[in-house]
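Reading through the C-alpha cells given below for one structure.
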C-alpha cells in the first residue's frame with residue numbers, strides 16, 4: 001500500500017510544476033497558455049484567475065477533451081497545489097504533452113499578486 005505522500009511524490013516525478021510567478025511571467029510575455037481550474041464550483045465562485053477554464057477534478061477525464069486540445073499549453077491549478085498535481089498527471093496520461101501544475105494553487109497566485117475575478 002502507498003501513502004498519500006507517496007502517491008503525490010510519484011505524480012510529481014512525472015509532471016512539471018511551475019510557480020505562480022512563472023505563470024505571471026508567461027502571461028506578461030504573451031505566452032499562449034490555458035489556465036485550468038480544477039477546484040469545486042463553490043471554490044471557484046469565491047474567486048478565480050481571469051480567463052480560466054473550469055473543470056472540477058471529479059469531472060476532468062470526461063470533460064477535458066471537449067474543451068482543451070491536446071496540443072495546448074495547459075497550466076492546472078487548484079486551491080493549494082495538491083489536486084492540480086494529480087490532474088496534471090491524469091492529463092499527461094491522456095496525451096496532453098505540455099501540461100504543468102501550479103504550485104501553491106490559487107492561494108499562491110493571490111500571494112504573488114496575480115489578478116483575481
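Quick notes on this structure:
- Listed from fewest to most Cβ neighbours within 10 Å, the set 73, 54, 42 follows the order 42, 73, 54.
- By the count of neighbouring beta-carbon atoms within 10 Å, fewest first, 80, 97 end up ordered 97, 80.
- Diffusion coefficient (Stokes-Einstein, Kirkwood radius over C-alpha pairs, 25 °C, 0.890 mPa s) for the stretch 46-99: 213 µm²/s, rounded to a whole number.
- Spin-label pair residue 63-residue 14: with each label point 7 Å from Cα along the Cα-Cβ axis, the two points sit 2.3 nm from one another.
- Approximate spin-label separation residue 111-residue 22, in nm, with each point projected 7 Å along Cα-to-Cβ: 1.7
- Each residue of the stretch 4-111 gets 98 Å³ once the volume of the Cα convex hull is shared out per residue.
- Listed by Cβ neighbour count within 10 Å, with the fewest neighbours leading, 18, 76 appear as 18, 76.
Bear in mind these aren't lab numbers, they're just calculated from the coordinates by the rules spelled out. This one's a predicted model, so the numbers in the text were calculated from it and none came from an experiment. For neighbour counting, all protein chains shown are included, and Cβ atoms are generated from backbone atoms with ideal geometry for every residue, glycine included.
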